Amino acid sequence: RFDISGCEVAAVGGDGGISSPVEQCEYDDLAGETCESLGYYGGALACGMDCRFDLASCANFGRCGDAQIQAMYGEQCEGSNLDGNTCEALGYHGGSLTCATDCRFDQSACEAAGRCGDGVVQAGFGENCDGAALSGQTCESLGHHGGALACDDLCSFDLSGCARCGDGVVQASYGEACD
């Protein structure tokens, strides 16, 4: 007699059992799967006559990896399709923007190039300061009487806190007779 214990059981649709890997489902038995559990954003999963998932309804909602950017589901990109975005368009000084497997931007190469607002002064890109990093400058070192030097959102010095000639305040202690 032949020992058939290692042989694959033939799939029979409608027998009430799912014979994996040949069958994925059995009519109304979807083995606990849904469109969402299969990576789609929505839809109604069905079982086809061949006991394989019928993904037509799921496909109408899309999924990450289907070559279409579904921004309404938080996708920023799809594969090499960056929807016209670059590191520079995202405010970085350079780098190469890529798309991660979750259809979101991988900005790691952009971050390595830096940007205004990262707390590091990149003078080669025209930054005088960045946040609290003032490149060792003060109101006094920039030729003003004193005060609190700050950095604006464009990584340029904000002199509004510096006491200086021309600020509309007569500072007699600094020798100003008028302003």
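The values are calculated or read from the model by the stated rules, or taken from the named source; none is laboratory data. It should be emphasised that the depicted structure is a prediction, and the values quoted were computed from it without experimental measurement. All Cβ positions, even for glycine, are placed from backbone atoms using ideal geometry, and neighbour counts span all protein chains on display. Surface areas here come from the heavy atoms of the whole protein model, side chains and all, with no ligands, DNA or RNA. Shrake-Rupley method; radii C 1.70, N 1.55, O 1.52, S 1.80 Å.
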Within the range 125-159, residues being without any contact (Cβ under 8 Å) to a residue 24 or more places away in the chain and within 16 Å of TYR92 (Cα to Cα) number 1
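Conditions tested, residue by residue: (1) under 28 Å from LEU149 (Cα atoms); (2) touching a helix residue (DSSP H, G or I) at 6+ places or on another chain (Cβ under 9 Å); (3) modelled with pLDDT under 95.
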| position | (1), (2), (3) |
| --- | --- |
| SER57 | no, no, no |
| GLY74 | no, no, no |
| ASN85 | no, no, no |
| ALA100 | no, no, no |
| CYS116 | yes, yes, no |
| CYS129 | yes, no, no |
Filtering the range 61-99 down to residues that are free of Cβ contacts under 8 Å to residues at least 12 places away in the same chain, assigned to a loop (DSSP other than H, G, I, E, B) and not acidic (Asp, Glu), which residue is most open to solvent (accessible area, probe 1.4 Å)?
-> GLN68
Starting from residues that are over 30 Å from TYR41 (Cα atoms) and either aromatic (Phe, Trp, Tyr) or in a loop (DSSP other than H, G, I, E, B) (or both), keep the ones in the range 100-119 and report whichever is least open to solvent (accessible area, probe 1.4 Å).
-> GLY114
Do you know which residues across the range 158-179 are of a type in the set (A, V, I, L, M, F, W, C) and open to solvent by 50 Å² or more (accessible area, probe 1.4 Å)?
-> LEU159, CYS165, VAL169, VAL170, ALA172, ALA177, CYS178
All conditions in (1) open to solvent by 50 Å² or more (accessible area, probe 1.4 Å); (2) within 30 Å of ASP153 (Cα to Cα); (3) hydroxyl-bearing (Ser, Thr, Tyr) are true of TYR41 except (2)
Filter result for GLY13 (surrounded by 13 or more Cβ atoms within 10 Å (Cβ to Cβ) and at pLDDT below 90) | yes
Could you tell me whether the range 16-33 includes any residue that is of a type in the set (D, E, K, R) and open to solvent by less than 50 Å² (accessible area, probe 1.4 Å)?
-> yes
Cβ-Cβ under 9 Å pairs, at least 6 apart or on other chains, the range 165-179 side under 15 Å from GLY147 (Cβ atoms), far side in a helix (DSSP H, G or I) | CYS165/TYR174; ASP167/LEU159; ASP167/SER160
Within the range 120-135, can one find any residue that is open to solvent by less than 60 Å² (accessible area, probe 1.4 Å) and part of a helix (DSSP H, G or I)?
-> no
